[in-house]
Amino acid sequence: MCHETVKYTGEPFVDAGVAVMEHHLGKPCEDFKPEDLEKAARWLIKIYERKSLKGYLTIHFPNSGWCNATISKEKKAEYINKVLQAYNFEPISGRECVYCHRPAQFLADRQHIPMLTGASTIITSPGGVPGLPVCGYCLMAIQFYPLATLKCQGKPLFWWTPEPDLTYSLTGEYFREIEKLIDGGSDKLPNLSWPKTILLDTAQKVLASYGDDKPLADCIGLHVTNYGAGPDYHQYRLPKELLEFLKLVRVKDEAVRSAHTHIIETAWVKDKNNKKQAKSQEKETPSRRNKYFEALVEVFEQANWSEKTKEIVHNFYFHKKPETFQYNNFALCKLFLEKVAGMDKQRLETIKRIADQVTNTLIIGNNETKWLNSLFNHEHKFHEFMRYLIRVQKRLAEKGQVLSLDDILIMLDLSNEEDTVSKDFSLVRDLFLIRMLELVGKNRKDMLNELELTSDTETN
């Protein structure tokens with residue numbers, strides 16, 4: 001017989017709490033029985049008595065029975081009974097839970113649920129009775145949500161997605177971190193920095209073991225609190241397209257994986273800890289910034305993020321220093337631009353084919369390094385890049401090869417020959433160079449020495 005219990009509802013605080021309960025009880029929420037809820041409640045009460053968590057609970061449930069040291073034991077017990085056992089209360093007539101639409105059993109305020117106002121500050125409400133109507137199961141789940149969070153810049157940071165499997169996996173990373181700190185006897189939770197880096201680094205780790213049969217979805221990193229003068233809310237979006245890209249990179253050939261790993265590893269920046277922090281290394285976990293992760297998450301805060309993602313290629317995928325030439329990898333760029341930026345596959349294949357033709361026929365095949373040098377050592381405006389292509393076309397024609405007008409238009413994303421400018425020709429130039437450096441590095445690495453000298457000369 002089916003029985004009522006906690007369940008995923010599509011609301012972040014509820015779903016994060018359900019995921020924590022699943023991790024603790026070791027079973028999916030649909031299999032929870034009444035004795036499981038009682039077991040979880042006893043565990044939570046014990047955990048929240050820890051000194052390391054009492055202060056942290058203040059930024060989740062201000063002035064609540066969990067953390068208010070001024071209330072009596074009786075009132076504290078009454079509060080805990082309400083938030084963990086309200087599913088046994090009688091339904092409130094005519095009211096339904098705002099999260100799951102089951103009959104409401106409790107009217108909650110900011111003591112019980114984050115991001116609400118206080119009971120005494122609500123000036124209007126249905127029927128003149130203040131409070132958010134919730135069922136006891138959703139209210140209970142929300143009490144577990146702090147264990148799904150990390151403390152970052154003084155605020156809780158946690159995950160939500162519309163896919164319970166993904167929410168469960170992402171939440172597990174932070175739940176295990178909290179468990180380790182508690183088990184280690186830490187009396188203070190570390191206050192981390194760089195939420196964007198933390199989120200994307202976590203996503204990377206989770207995707208490494210996330211099954212191919214499990215669904216991906218857009219993810220939201222929530223960085224929120226209503227502790228203090230008023231609600232403080234920010235969300236970071238990691239779209240499904242980015243997660244698919246990160247997952248696909250892991251199954252590509254070694255050259256692609258190596259190129260992407262190099263981007264991540266070289267983007268880490270070590271924070272300079274002050275003397276006070278240095279003395280408390282046992283208590284504080286130094287957090288690091290990753291420039292690549294930060295840039296990616298910032299891109300997705302833009303309304304036109306599919307276009308903005310193309311800037312990532314220039315800033316991170318195009319390696320301009322001689323010692324990193326070998327990490328130029330067109331296949332990685334193609335995968336990123338297809339999956340994340342939504343760039344047309346035919347266009348990318350055309351860019352690659354023309355770059356290959358120029359490189360193999362003129363640069364490698366005819367020792368004409370000028371076609372690489374001039375493109376590498378000079379920033380081009382659109383009309384200058386077009387003159388470069390005209391010269392290339394003329395030289396290829398002398399070799400019995402001709403670039404078709406249709407291919408040029410596709411490459412530059414122009415509708416016809418009368419279009420005067422390509423909006424992203426600089427991306428095309430970058431992709432040309434990435435492919436050229438890749439091919440020359442594999443077949444005529446000696447040519448890169450001349451390129452290096454020319455580059456040094458231009459710089460000096």
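Taken over the stretch 361-377, the criterion of being charged (D, E, K, R) and over 17 Å from Gly400 (Cβ atoms) is satisfied by Lys370 alone.
Per the listing Leu170, Leu189, the residue uniquely within 28 Å of Lys82 (Cα to Cα) and either buried (at least 18 other Cβ atoms within 10 Å of the Cβ) or in contact with a Ser or Thr (Cβ under 6 Å, 6 or more places away or on another chain) (or both) is Leu189. The single condition among (1) surrounded by 15 or more Cβ atoms within 10 Å (Cβ to Cβ); (2) among the polar types (S, T, N, Q); (3) touching a residue at least 60 places away in the same chain (Cβ under 8 Å) that Gln393 does not meet is (3). If we scan the stretch 229-238, do we find a residue that is of a type in the set (D, E, K, R), in the same structural domain as Leu166 (by TED's automatic domain parsing), assigned to a strand (DSSP E or B) and modelled with pLDDT of 90 or more? The answer is yes, given that some residue of the stretch 229-238 is of a type in the set (D, E, K, R), in the same structural domain as Leu166 (by TED's automatic domain parsing), assigned to a strand (DSSP E or B) and modelled with pLDDT of 90 or more.
In the set Leu107, Leu44, Leu116, only one residue is aliphatic (A, V, I, L, M) and either within 25 Å of Ser169 (Cβ to Cβ) or in a helix (DSSP H, G or I) (or both); that residue is Leu44. Considering Asp165, Asp201, the condition of being farther than 27 Å from Lys33 by Cβ, assigned to a helix (DSSP H, G or I) and touching a residue at least 24 places away in the same chain (Cβ under 8 Å) is satisfied by Asp201 alone.
The test for being without any contact (Cβ under 8 Å) to a residue 12 or more places away in the chain and farther than 19 Å from Tyr137 by Cα holds for Asn68.
Criterion applied to Glu384, Glu368 was being over 30 Å from Glu241 (Cβ atoms) and not in a helix (DSSP H, G or I), and the one residue passing it is Glu368.
His112 passes every criterion in (1) more than 21 Å from Pro146 (Cα to Cα); (2) buried (at least 19 other Cβ atoms within 10 Å of the Cβ); (3) modelled with pLDDT under 95 apart from (1).
The values are calculated or read from the model by the stated rules, or taken from the named source; none is laboratory data. What you see is a predicted model, and the numbers here were worked out from it, not measured in a lab. Note that we place each Cβ from the backbone using ideal geometry, even for glycine, and neighbour counts take in every protein chain shown.
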